[in-house]
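The values are calculated or read from the model by the stated rules, or taken from the named source; none is laboratory data. Remember, it's a predicted structure, so these values are computed and weren't measured experimentally. Glycine also receives a Cβ, built like all others from the backbone with ideal geometry; neighbour counts cover every protein chain displayed.
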2 protein chains.
Amino acid sequence: MTYIHILVYYHNLEKQPNSRLRSEKGEEVCKLVSRNANMENLGNEYLFPEILKWEAEHIQKNPKAQLIRLGVGDTTHPIPEIISSAMAEHCYALSTTQGYKGYGAEQGNMELRIAIAEKFYRDVGIKGEEIFVSDGAQCDISRFQILMGPNATVAVQDPTFPAYIDSSVIVGQSGKIVKETGKYENIVYMNCGPENKFFPDLPNTPRTDIIFFCSPNNPTGHAASRQQLKQLVDFARENKSIIVFDSAYAAYITDDSPKTIFEIPGAKEVAIEIGSFSKFAGFTGVRLGWTVVPEELLYSSGFPLRKDFNRIVCTCFNGASSISQAGGLACLSEQGFRALNNVVDYYKKNTILLVDALESLELQVYGGKNAPYIWVHFPGSSSCDVFNQILERAHIVTVPGRGFGPGGEGYIRISGFGRRECILEASMRLKKYLK
Amino acid sequence: MTYIHILVYYHNLEKQPNSRLRSEKGEEVCKLVSRNANMENLGNEYLFPEILKWEAEHIQKNPKAQLIRLGVGDTTHPIPEIISSAMAEHCYALSTTQGYKGYGAEQGNMELRIAIAEKFYRDVGIKGEEIFVSDGAQCDISRFQILMGPNATVAVQDPTFPAYIDSSVIVGQSGKIVKETGKYENIVYMNCGPENKFFPDLPNTPRTDIIFFCSPNNPTGHAASRQQLKQLVDFARENKSIIVFDSAYAAYITDDSPKTIFEIPGAKEVAIEIGSFSKFAGFTGVRLGWTVVPEELLYSSGFPLRKDFNRIVCTCFNGASSISQAGGLACLSEQGFRALNNVVDYYKKNTILLVDALESLELQVYGGKNAPYIWVHFPGSSSCDVFNQILERAHIVTVPGRGFGPGGEGYIRISGFGRRECILEASMRLKKYLK
């Protein structure tokens with residue numbers, strides 16, 4: 001039975017919903033339980049695989065086009081050899097009696113946990129025990145959502161990285177999507193645009209249990225200032241909300257914006273922080289990240305959230321690959337860290353080139369300075385139209401802002417990840433076709 | 001603020017539950033939202049980290065003891081070099097312009113998906129598109145639970161691998177644990193012991209949406225016969241239940257018990273299957289597994305479950321490490337597979353040695369034949385007492401059967417994973433101390 005057959009079924013079944021059906025071959029079709037209502041609530045497919053699908057369709061239609069991918073935000077630069085060598089050596093060691101290791105700690109190797117604490121949180125006093133090594137930010141967002149459960153209420157920046165909202169819907173924290181607004185019921189959308197310096201209007205934001213906050217922001221590229229983050233922490237403290245601070249792009253900050261929420265006094269009692277090796281070390285395929293859960297973070301009963309997070313990690317996860325963790329440790333060595341900073345600088349230079357090209361067109365360009373993402377305004381236009389136009393004319397894949405929520409309408413996100421020659425070519429094409 | 005301080009707080013807070021408190025230093029303590037009731041329902045810590053804790057405590061008390069670890073079931077044999085080399089080469093390639101790859105498909109590389117389908121499911125017609133590559137069985141169990149949601153009802157074998165029950169509790173499918181029975185409310189425990197050939201009394205089993213079924217079973221080591229699995233599939237078809245068939249130990253089957261549920265006619269419409277490289281390839285630390293979701297599996301509406309599983313994988317996961325996947329592909333090469341079979345044979349021989357030792361004591365011994373686990377009966381004894389006795393006297397770590405559910409009381413599980421010299425020494429000690 002092919003997939004097409006099943007789709008045919010699906011349509012047939014809608015017409016005859018209550019009977020045991022027979023396939024075309026006459027076999028009885030066995031239908032099972034009802035679909036989880038939360039899954040039914042999901043209003044669309046997950047954004048990034050969709051972008052890749054559109055990409056593939058474009059290639060099929062235009063087989064000769066030299067496509068430039070500035071969409072999904074995938075890293076392109078080789079991993080510095082000191083890091084890949086450390087991983088390779090770990091692999092070889094697994095074939096020796098002395099070097100073989102089985103299960104590691106679910107929370108990650110303590111050596112790596114301490115190295116992360118030392119490298120990124122030394123000044124703010126986070127300890128190794130508060131670091132949970134993960135297989136990536138997206139995975140830890142979902143694990144946190146399982147921990148919080150279906151009754152937790154959620155606020156997100158709008159526009160925002162789609163995993164926050166989608167995982168909320170999946171665990172049952174939201175209602176259905178409202179067609180008119182494009183927003184899910186029961187989720188608070190905090191508009192963040194140029195009109196409010198990309199920072200929510202907190203005095204008019206309702207209280208929620210969780211506030212997802214990404215800085216430097218994906219997709220807008222805005223890094224919240226110290227003063228903005230202080231307002232956020234004060235707001236969370238007042239409301240007894242938990243901030244989930246996503247710092248996946250912290251390595252791209254060039255000004256004095258805080259690289260971690262824990263630079264803000266009082267944050268440890270109201271925030272967890274999700275970090276990632278993906279964009280900082282090119283580990284998008286290697287898979288490695290972490291979450292900081294401070295011991296000061298307590299439920300209303302006084303029970304530490306860290307203990308529950310640990311339970312989730314032990315039950316729903318079994319630790320990141322030991323090979324990736326060996327790589328992570330090499331990333332944080334003096335030599336590894338220096339090499340990675342060069343790679344980050346390479347992408348930053350890419351971003352500057354793209355910003356220059358776009359600004360020469362007198363477009364309103366945001367982000368880029370503290371993030372590998374550029375957020376370009378096309379006032380009055382549909383972001384999908386602009387996306388399609390750039391794809392059709394310039395053969396450049398971007399992301400329509402609408403994919404990040406209704407607040408992204410009228411914008412497109414352009415990623416600075418790419419080889420220099422592609423970025424230069426993209427800059428030229430953008431100048432030509434967007435003129 | 002130290003962890004101890006927080007614990008002190010926790011105790012204080014219970015006495016003064018409704019006020020903003022001040023710490024000993026006089027700072028105001030910020031307590032947040034209530035704890036998720038599902039997490040509150042969890043009656044105990046996750047089993048395996050607890051075993052490791054007891055292990056560590058024993059070492060601390062007996063620093064000179066030569067501890068033998070036959071508890072958690074961790075692999076000990078080096079990974080065949082053909083596999084580690086493939087992973088190492090993949091690592092090196094990540095440092096080259098040609099070899100660097102970023103994000104892979106969330107579902108896994110198609111080459112590996114096809115190889116898994118070919119190697120394990122060729123005769124039963126499972127296709128690469130139906131294979132979802134994962135970072136391990138435990139992780140996919142939780143992702144499946146998120147997909148099914150809090151309203152799904154669940155049945156488990158008793159005794160059983162604890163992740164099924166614990167993940168059910170966490171997503172809200174169960175009630176509280178009942179102290180008298182040691183069972184969670186709303187979960188159906190299907191007793192599986194020698195009295196029923198380790199197979200549930202299905203005619204007296206209530207209908208549930210999900211049936212977790214592990215074969216070869218962890219912990220009992222029993223592999224369900226073809227006839228038993230046929231009964232199970234018929235039962236699921238009749239009840240419109242989904243079987244989650246955990247085949248993590250299939251490589252250890254020595255008789256003609258089915259290695260996959262899909263050998264049973266009609267299973268594709270009622271079962272998903274979870275497989276793992278952990279125990280078959282020594283990948284416990286490398287992290288790699290897969291889940292088969294047949295396209296024939298449909299919700300009552302006719303909507304394919306595979307589509308939802310795909311959505312979960314794309315949203316809550318970002319694919320297994322590309323390095324682990326390169327290793328997985330090498331495992332399935334002719335040479336790799338042959339080398340792994342030798343490792344499996346090594347562990348099987350271990351298991352036989354342990355069974356012989358235990359049977360020489362006239363103990364009632366189950367499992368071992370089709371699984372790396374031995375399930376030893378100590379009628380009338382508390383499994384925790386037996387566990388402690390073996391630990392104290394013989395310095396051997398096992399697992400108390402009670403840890404796998406009330407049906408495990410009176411048993412202990414002994415793992416056959418270990419170096420031969422340890423297994424021989426363990427056999428000797430068991431003969432000496434259990435006499």
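Data for the structure
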read-out: Conditions (1) closer than 30 Å to B:His90 by Cβ; (2) out of contact with any Leu (no Cβ under 8 Å at 6 or more places or on another chain); number of the one not met by B:Glu425; value: (1)
read-out: Matching residues, region B:54-82, being at the interface with another protein chain (Cβ under 8 Å from one of its Cβ atoms) and in contact with a Leu (Cβ under 9 Å, 6 or more places away or on another chain); value: B:Val72, B:Pro78, B:Ile79, B:Pro80
read-out: Tally of residues being crowded, with 24+ Cβ neighbours inside 10 Å and under 23 Å from A:Leu32 (Cβ atoms) across region B:207-232; value: 9
read-out: Filter result for A:Tyr121 (assigned to a loop (DSSP other than H, G, I, E, B) and either of a type in the set (Ser, Thr, Tyr) or more than 9 Å from chain B (Cβ to nearest Cβ) (or both)); value: no
read-out: When residues of region B:279-312 are limited to those that are aliphatic (A, V, I, L, M) and assigned to a strand (DSSP E or B), the one nearest to B:Ser85 (Cα to Cα); value: B:Val292
read-out: Test: residue in region B:110-118 that is among the acidic types (Asp, Glu) and either within 30 Å of B:Ala371 (Cα to Cα) or surrounded by 17 or more Cβ atoms within 10 Å (Cβ to Cβ) (or both); value: yes
read-out: Output for region B:27-53, where each listed residue is part of a loop (DSSP other than H, G, I, E, B), free of Cβ contacts under 8 Å to residues at least 24 places away in the same chain and more than 11 Å from every other protein chain (Cβ to nearest Cβ); value: none
read-out: Lone unmet requirement of (1) closer than 24 Å to A:Ala86 by Cα; (2) within 8 Å of chain A (Cβ to nearest Cβ); (3) among the polar types (S, T, N, Q); (4) without any contact (Cβ under 8 Å) to a residue 40 or more places away in the chain for B:Ser142; value: (1)
read-out: Filter result for A:Thr160 (away from every other protein chain (no Cβ under 13 Å), β-branched (Val, Ile, Thr) and more than 22 Å from A:Cys214 (Cα to Cα)); value: no
read-out: Which numbered condition A:Lys432 fails, given (1) more than 28 Å from B:Tyr100 (Cα to Cα); (2) crowded, with 16+ Cβ neighbours inside 10 Å; value: (2)
read-out: Test set (1) modelled with pLDDT of 90 or more; (2) assigned to a helix (DSSP H, G or I); (3) in contact with a strand residue (DSSP E or B) (Cβ under 9 Å, 6 or more places away or on another chain) - B:Leu13 fails condition number; value: (1)
read-out: B:Ile272 vs. criteria in contact with a Pro (Cβ under 8 Å, 6 or more places away or on another chain), under 30 Å from A:Met39 (Cβ atoms) and surrounded by 24 or more Cβ atoms within 10 Å (Cβ to Cβ); value: yes
read-out: Count - residues of region B:261-285 that are touching a Phe, Trp or Tyr at 6+ places or on another chain (Cβ under 7 Å) and over 22 Å from B:Ser225 (Cβ atoms); value: 4
read-out: Unmet requirement for B:Ile146, which otherwise passes all of (1) outside any helix (DSSP H, G or I); (2) closer than 30 Å to A:Thr75 by Cα; value: (1)
read-out: Whichever residue in region A:289-308 is more than 8 Å from chain B (Cβ to nearest Cβ) and either polar (S, T, N, Q) or crowded, with 23+ Cβ neighbours inside 10 Å (or both) and, among such residues, is farthest from B:Ser321 (Cα to Cα); value: A:Pro294
read-out: Qualifying residues in region A:232-278 (those that are part of a loop (DSSP other than H, G, I, E, B) and of a type in the set (Gly, Ala, Ser)) - the one nearest to the chain's Cα centre (by Cα); value: A:Ala248
read-out: In region B:321-336, the residues that are in contact with a helix residue (DSSP H, G or I) (Cβ under 9 Å, 6 or more places away or on another chain) and more than 7 Å from every other protein chain (Cβ to nearest Cβ); value: B:Gln325, B:Ala326, B:Gly327, B:Gly328, B:Leu329, B:Ala330, B:Cys331, B:Leu332, B:Ser333, B:Gln335, B:Gly336
read-out: Test set (1) under 17 Å from B:Asp234 (Cα atoms); (2) in a helix (DSSP H, G or I) - B:Arg207 fails condition number; value: (2)
read-out: A:Glu45 surrounded by fewer than 20 Cβ atoms within 10 Å (Cβ to Cβ) and among the acidic types (Asp, Glu); value: yes
read-out: Residue under evaluation A:Phe132, criteria (1) within 9 Å of another protein chain (Cβ to nearest Cβ); (2) outside any helix (DSSP H, G or I), criterion not met; value: (1)
read-out: Residue match in region A:339-346 (condition: at positive phi and more than 10 Å from every other protein chain (Cβ to nearest Cβ)); value: no
read-out: Tally, over region A:93-145, of residues that are in contact with a Pro (Cβ under 8 Å, 6 or more places away or on another chain) and either modelled with pLDDT under 95 or polar (S, T, N, Q) (or both); value: 3
read-out: Unmet requirement for A:Arg113, which otherwise passes all of (1) under 27 Å from B:Gly327 (Cα atoms); (2) under 18 Å from the mean Cα position of the chain (by Cα); (3) more than 9 Å from chain B (Cβ to nearest Cβ); value: (2)
read-out: Which numbered condition B:Ala86 fails, given (1) assigned to a helix (DSSP H, G or I); (2) touching a residue at least 12 places away in the same chain (Cβ under 8 Å); (3) among the small types (Gly, Ala, Ser); (4) crowded, with 24+ Cβ neighbours inside 10 Å; value: (4)
read-out: Leading residue by the ranking (farthest from the other protein chains (Cβ to nearest Cβ)) among those in region B:166-186 that are surrounded by fewer than 22 Cβ atoms within 10 Å (Cβ to Cβ) and part of a strand (DSSP E or B); value: B:Val178
read-out: Of the criteria (1) surrounded by fewer than 16 Cβ atoms within 10 Å (Cβ to Cβ); (2) farther than 23 Å from A:Ile274 by Cβ; (3) without any contact (Cβ under 8 Å) to a residue 24 or more places away in the chain, which one A:Asn62 fails; value: (3)
read-out: The one condition in (1) in contact with a helix residue (DSSP H, G or I) (Cβ under 9 Å, 6 or more places away or on another chain); (2) surrounded by 15 or more Cβ atoms within 10 Å (Cβ to Cβ) that B:Val355 fails to fulfil; value: (1)
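Yes/no per residue for (1) out of contact with any Gly (no Cβ under 7 Å at 6 or more places or on another chain); (2) β-branched (Val, Ile, Thr); (3) in contact (Cβ under 8 Å) with a residue 40 or more places away in the chain:
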| site | (1), (2), (3) |
| --- | --- |
| B:Asn218 | yes, no, yes |
| B:Leu229 | yes, no, no |
| B:Glu238 | yes, no, no |
| B:Phe245 | yes, no, no |
| B:Ala248 | no, no, yes |
| B:Ala251 | yes, no, yes |
